[in-house]
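Throughout, read-outs are computed from the coordinates displayed, never taken from laboratory work. In this text, all values refer to a predicted model and were calculated from it rather than measured experimentally. When we count neighbours, we look across all protein chains shown, and the Cβ atoms used for this are built from the backbone with ideal geometry, even at glycine.
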């Protein structure tokens, strides 16, 4: 089976993890701050806060921005459920902004329309989470302008997008946002096995996220309510969580970061080749915005079901049976049973639903061989023609 995504672990990665195993510190040692600094410097951000998953990073980012009961968080329906769940964890209400049918990212036009209506109803969002779907940045400059006009904070969900650029600057630099979130799940661009990281340029937000990551406990005298009682002393100054990343994960991340640009460059080579080889098929290929340099986490096609005498499920099943590990990204969040219990209904965000009904993510990973890519293309052709 050719998977839709796959990690690449080399000997340097293995050695870095083994070195930690041989050391005295398996957690709360030097590797986590080294990884944080490595990612922050790469993204041209001032601070990095590493955690055990991107879901945890989204949660502490919302908390750091003060999201709570009575507030609204908006995001895209075309994303994994974590992008919305983080708002519910904080007691807030969640709503969605439909996608642009061209980019599959949050639509600026739909956002502006929704903001105008929300202002009339006194239901403006406290936080907006634009999702950089498949590795391509949303139009952050325009979103930032709207945030200043309507007074909401921005968390970029860049789980797909480490190594991407927007307007020739690295995604994660937070030029147009308060916080950016990355994921290091094994199918992503680089991996720490499991893990996530938040970048920010705000010392206050960084400090808060560090507290929320580690039980709300600190040894920093400047954050304490009274003088330290000795070298053993700590205080819990907020209600936090155990969201720490281990030294093993961080060491793997530091090693993987050395090859990030190589990984993304190879994905672009494969993407361009797919674009050529799939030209004559009844599909819509993923659009690449000229303002963005995508990290190309995914290569999602849309099948033109009007010109093919097969359903999406039939095509999907035939590809899987042929050894092509396709997937679908994503089932729109508002159609999930849990969210329908909250009052959401199918038909509310039609662009995301139309996209979902026709979407198939075909394999794309930087170690993919040309022979594997040819196998994917040939199977697609035999099924669609």
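Of all DSSP bridge pairs formed entirely within the chain, close to 60 percent run antiparallel. Post the alpha-carbon centroid distance, segment 227-259 to segment 287-329, in whole angstrom. Cα centroid of segment 227-259 versus Cα centroid of segment 287-329: 39 Å apart. Among 240, 70, 343, the largest mean-square fluctuation in a Gaussian network model of the chain, built with springs joining Cα atoms closer than 10 Å, belongs to 343. Identify the residues of segment 15-50 with backbone N under 18 Å of a label point that sits 7 angstrom from the Cα of residue 232 along the Cα-to-Cβ direction, or state none. So the set is empty, nothing qualifies. For a test of the definition: using alpha carbon positions, the gyration tensor, and the 1.5 limit on a/c, classify segment 258-385 as rounded, prolate or oblate. Oblate is the answer for segment 258-385, as a/c is 1.5 or above yet b/c matches or exceeds a/b. Could you check which residue among 216, 230, 172 shows the biggest mean-square fluctuation in a GNM of the chain with a 10 Å Cα cutoff? Evaluated over the chain, the most mobile residue of the options is 230.
In deg cm²/dmol and to the nearest 500, what is the mean residue ellipticity at 222 nm of the chain if only DSSP H runs of at least 4 residues count, each as -39500 (n - 2.57), divided by the residue total?
Values: 13 runs with 147 residues, N = 385.
One gets -11500 deg cm²/dmol as the mean residue ellipticity at 222 nm.
Each peptide in 31-41, 128-138, 9-19, 151-161 receives the mean, over its residues, of other Cβ atoms within 10 Å, and ordering these scores from highest gives 128-138, 151-161, 31-41, 9-19.
Remark: the residue 220-residue 367 segment gains 48.5 nm on full extension, using 0.36 nm per residue and subtracting the alpha carbon distance.
Between helix 203-213 and the chain there is an angle of about 80 degrees, using the helix long axis and the longest principal axis of the Cα atoms.
Let me make sure I get this right: for the chain, a, b and c are the square roots of the gyration tensor eigenvalues over alpha carbons, sorted descending. Under 1.5 in a/c it's rounded, otherwise prolate if a/b > b/c, else oblate. Which is it? Oblate.
For residue 148 and residue 102, what is the calculated FRET efficiency with R₀ set at 25 Å and r taken between the beta-carbons, to the nearest 0.05?
On the way: r = 25 Å, r/R0 = 1.02.
Rounded to the nearest 0.05, the efficiency is 0.45.
For 94, 171, what ranking results if the residue with the fewest other Cβ atoms within 10 Å of its Cβ goes first? Working shown, then result.
On the way: 94 22, 171 30.
Neighbour counts put them in this order, fewest first: 94, 171.
Tell me, in nm to one decimal, what length is gained between residue 202 and residue 287 on full extension, where the rule is 0.36 nm per residue of separation less the Cα-Cα distance? Walk me through the intermediate numbers first.
Numbers: separation 85, 0.36 × 85 = 30.60 nm, distance 3.33 nm.
Gain on stretching residue 202 to residue 287: 27.3 nm.
Contour minus end-to-end for residue 354 and residue 265, with contour as 0.36 nm per residue of separation and end-to-end as the Cα-Cα distance?
Working: separation 89, 0.36 × 89 = 32.04 nm, distance 3.08 nm.
29.0 nm is the gain from fully extending residue 354 to residue 265.
Using only the alpha-carbon atoms, how far is helix 370-384 inclined from the longest principal axis of the chain? Give it as 0 to 90 degrees, nearest 10. So the inclination is approximately 50 degrees.
I'd like the distance separating the alpha-carbon centroids of segment 99-124 and segment 173-191, in whole Å. If we compute the Cα centre of each part, the gap is 23 Å. Just so you know, the Rg over Rh for segment 16-147 is 1.06, from Cα atoms, with Rh as the Kirkwood radius.
The angle between the Cα long axis of helix 54-64 and the longest principal axis of the Cα atoms of the chain comes to about 50 degrees, rounded to the nearest 10.
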